[in-house]
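Written out below as structure tokens is the structure these notes cover.
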Amino acid sequence: MALNGNNKRTCADMLCCDIDPSIPSTSQPKDKKKKGDSLLRIVTWDMIAEDVTLEKKIAQIKKMIRMMKTMGLEAFEKKVVCCTNQDTQFNASNRYCLANGECRIPPGAKYMYKKGERDVANYCIPCYETKFPAHGNKRDWKMAENINTASDVILKCSTCQEKWHKTCALFFNPDASKFVCMECGGGRSDLKTTIDTKEHAHAAAFMTEKLNELLRSRIGITVARKDKIRVCGLSEEKSIWTKALVPAIVEAEFKKKYSGKFKYVKRAFHVFQRIDGVDVILCSLYTQETPMGKRWMIDYFDSLPYFKFYDNLKSGELHQEVFHAYIEYMSSINYLNGHIWSSPPKPGDDFCFNIHPSAMKYLDRNGLIAWYQRILKNGRSLGIIKEYRNFREELEHQGGSIEKPSDLPVFVDSLWCQVMKEINFEHPNSPSEFMEALQKQYEIHATDNFVIELPGAKTPRERDTWYYSHPILGDRMGFLKKCVKENWEFPTLARAMYASVALIQYLPRYE
Ligand SMILES: [Zn+2]
Ligand SMILES: [Zn+2]
Ligand SMILES: [Zn+2]
């Protein structure tokens, strides 16, 4: 499924003409040409018949150049017929600058990289000039530009010769000569475009039902069936040494509470909606839960703006329903304590999906906190949530402070684990210094994280122990890396469709 081949051809290496019928061309025979067909014929020097004199060849080419000048070069470019987007270039994401965790190298910017470590060792130009370590050797570093040199392949229908983007065609066969466009009976795609397997993960099946229920209630049964939503769940039972979860200074205390191993389940939920015959991935939710204390955490959420548009159902409500459905499911299995850390990405950073639309709005710190507050407040009004508190309110609720770090809500790589590790990493400290530094962080993170209490169920459901782990679909970084490698990206609906079709081939098939 490699998409990196570059078949991009431009008028720089060919001359295109639709005007002079005396010029031989590679277009289809006249009898196959439909009325009004706008096909432009492609002519190169070598295609002009052998027996034509050099003077005549030159005269013909001069004539074509004159026509190009009068009509504008644009008119001669052979366009793809699949969409109005003539751009074929794939995109690049932000790169991380080594100098500082906050610094980014945006798409299009020049940067420095260490030879042999281009994917990991990068400096932005200002940091390279001012913050390059004194002991470093600048001879190992080279300049580059943060662009993606790969392009979408342009396919030519083997029947009508019309050109299509490989992504728009949803064509995955490495043999481009096999391409037949939809007009010539080629079908929507050469791979399966919809998910019709039974959902085995209880939580995902529950969320699928909830989201479709919302659709049906707003847009009616018929449209809801056509535009149906499907949540695919993947999960993995895992454990981590407690000493790897928290810094050594608090290890003994955490071991007392959690034993030597912290057991947890990580889950991925991918939400698809059927759009134009394709199940398109629209958002993903990554969570963790631990049987110790029956707690859960929202780890990551990422979305794309391609939910179908309805007058009386906004995409924000569907996103909210994804959260509410997950929370309601956790309540139904009596996992009653939740944790959310509101941590917005920097514009251009990709948490889950590789390349978002350039016009997509990113919420800032306060915007994202307000967004979570709204979801939690609505959840409480609907009775899905019993109570929620931001961290400042939680401190008050616990009598003014949390004195024992092990009473903090911890999960793998979660906010408080990161905070504790950073405190101890920067300044290895005594227990009292550590607590003092931690208390300062309580104030810094007073409003950006929440604890959530759920009402629970009188007759709880049996906990889902169906696990299907997958290195790409079940793992956020695996998912992102695979998409980057294959140039499966999401800046337009067409490219999101292509990436979705590629991704759903990995879904488990149990019947
Ligand atoms: Zn296209
Ligand atoms: Zn920098
Ligand atoms: Zn065709």
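Taken together, the values in this text are just the output of simple stated rules run on the coordinates, not laboratory data. Everything numeric here is computed off the predicted structure, so don't read it as measured data. Cβ coordinates were reconstructed from backbone atoms using ideal geometry, including for glycine residues, and neighbour counts include every protein chain displayed.
Brief remarks on what is shown
- Amide H contacts of ASP302: SER284, each under 5 Å away and 5 or more positions distant or on a separate chain (H built 1.01 Å from N in the peptide plane; Pro and chain starts excluded).
- Peptide ranges 204-214, 461-471 listed from the most packed, as the mean C-beta count within 10 angstrom indicates: 204-214, 461-471
- Peptide ranges 91-100, 115-124, 483-492 listed from the most packed, as the mean C-beta count within 10 angstrom indicates: 483-492, 91-100, 115-124
- For region 370-511, the spread of Cα positions along each principal axis, largest first, Å: 53, 45, 32
- Distance distribution P(r), region 76-158, all Cα-Cα pairs, bin width 10 angstrom from 0: 16, 39, 19, 15, 10, 2 percent.
- For region 154-193, the ratio of Cα radius of gyration to the globular rule of thumb 2.2 N^0.38 Å stands at 0.98.
- Centre separation in Å (Cα based) which lies between region 146-190 and region 313-350: 37 Å
- Highest mean packing first, where packing is the average number of other Cβ atoms within 10 Å per residue, the peptides 359-368, 236-245 line up as 236-245, 359-368.
- Taking 23 Å as the limit for the C-alpha separation, the pairs LYS192/LYS238; LYS256/LYS294; LYS257/LYS404; LYS138/LYS481; LYS238/LYS377; LYS210/LYS308 exceed it in the case of LYS192/LYS238; LYS138/LYS481; LYS238/LYS377.
- Amide H to amide H, with H built 1.01 Å from N, ALA121 comes under 5 Å of LYS114, counting only residues 5 or more places away or on other chains.
- Annotation: amide H-H contacts under 5 Å for LYS386 (H modelled 1.01 Å from N, sequence separation of 5 or more, or interchain): GLU453, LEU454.
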